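The values are calculated or read from the model by the stated rules, or taken from the named source; none is laboratory data. Given the structure is predicted, the values throughout are model-derived calculations rather than measurements. Reconstructed Cβ throughout: ideal geometry from the backbone, glycine too, with neighbour counts over all protein chains shown. For the accessible areas, the whole protein counts, side chains as well, though only heavy atoms, and no ligand, DNA or RNA atoms are used. Shrake-Rupley method; radii C 1.70, N 1.55, O 1.52, S 1.80 Å.
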Amino acid sequence: GCNIAKEFSKYPQYSLYGIDSEPHDLQNFIKIAKRKDHESYEQRFPSARAKKFLKPAGEDVLIVLGGSGAISGAVLRLIEVIKDKNISVLYIRPDIELLSYKKAMRERLVFSVLQEYARSKLLDKIYLVDNLKLESILGSVPLVSYHQNLNNLLVYTFHMMNVLKNSSPIINTFSEPNITSNIATIGIMDIDKGLEKPFFDLEYTREAIYYYAINSDSLET
């Protein structure tokens, strides 16, 4: 989560806050005590300290995390600390086959619980991302810079989605999304081939929104 947040620092529109038990090179960062398991991170999360740390954050908050690490046990306490804000989650699913049994169980629990929070409207939305889908879109990825390449694609796409959301369209055929559409993903599309490349395989997709970014010369001619 903190590594992906660091990629967002390329864009001035975001204020970044990192919380982890390992050090990270982020301007706004607090290091919390390392715990032995999921339950300990939840039970001993420094809520008062986190609340003070996150007080300057804006009304719209995006929590970025993966569920396989033990520290993901703190996410529900974190959500409770900022429950007065508009909270969305960007959830990164790793390659499940490479996880140990314990990490796989943690990941499954966090993955399921956060979706239930979204269905119950305790979250505005959860965006699901699968690292294997990012890898398949990029093709051959160097092992040394594997996660950096995946993170670059994810953050650039997410940022451009936000830019286009907040831009005035030349043509707009949008309708208001269904209020129950709280579990989502993002992706890219090959316009020439009409090929969608989602970042997660959602089941029973009910709505899709497309943004077409077209340069000025093409629009004028």
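Scanning segment 35-55 for residues that are out of contact with any helix residue (DSSP H, G or I) (no Cβ under 7 Å at 6 or more places or on another chain), loosely packed, with under 13 Cβ neighbours inside 10 Å and more than 19 Å from Y17 (Cβ to Cβ) gives K36, Q43.
Just for strands (runs of 3 or more DSSP E) wholly inside segment 1-86: which have at least 2 residues that are of a type outside the set (V, I, T) and touching a residue at least 40 places away in the same chain (Cβ under 8 Å)? Lay out the reasoning, then the answer.
Details: elements: 18-20, 29-31, 60-66.
Answer list for segment 1-86: 60-66.
Tell me which residues, restricted to segment 95-130, are part of a helix (DSSP H, G or I) and touching a Leu at 6+ places or on another chain (Cβ under 6 Å).
At the first step, the residues of segment 95-130 found to be part of a helix (DSSP H, G or I) are 96-98, 101-119.
Passing the criteria: only Y117.
Does H159 meet the test of being assigned to a helix (DSSP H, G or I), open to solvent by 70 Å² or more (accessible area, probe 1.4 Å), touching a residue at least 60 places away in the same chain (Cβ under 8 Å) and on the phi < 0 side of the Ramachandran plot? So H159 does not fit the description; no.
Only one of the numbered conditions (1) open to solvent by 50 Å² or more (accessible area, probe 1.4 Å); (2) modelled with pLDDT under 95; (3) assigned to a helix (DSSP H, G or I) is not met by S140, and that is (3). Can you name the residue in segment 91-106 that is touching a helix residue (DSSP H, G or I) at 6+ places or on another chain (Cβ under 7 Å) and surrounded by 17 or more Cβ atoms within 10 Å (Cβ to Cβ) and is also nearest to R35 (Cα to Cα) among such residues? Among those residues, the one meeting the criterion is R106.
Take I179 and decide whether it is part of a loop (DSSP other than H, G, I, E, B) and under 26 Å from E59 (Cβ atoms). Even if it seems obvious, please write down each step before you answer.
Numbers: part of a loop (DSSP other than H, G, I, E, B): yes; under 26 Å from E59 (Cβ atoms): yes.
Yes: the conditions hold for I179.
Counting the residues of segment 115-132 that are touching a residue at least 40 places away in the same chain (Cβ under 8 Å) and either among the hydrophobic types (A, V, I, L, M, F, W, C) or surrounded by 21 or more Cβ atoms within 10 Å (Cβ to Cβ) (or both) gives 7. Selection of first residues in segment 197-211 that are in contact (Cβ under 8 Å) with a residue 60 or more places away in the chain and of second residues that are assigned to a loop (DSSP other than H, G, I, E, B), restricted to Cβ pairs under 8 Å at least 6 apart or on distinct chains, gives the following pairs, ordered by first then second residue: P198/T185; P198/I186; F199/T185; F199/I186; F200/T185; L202/T185.
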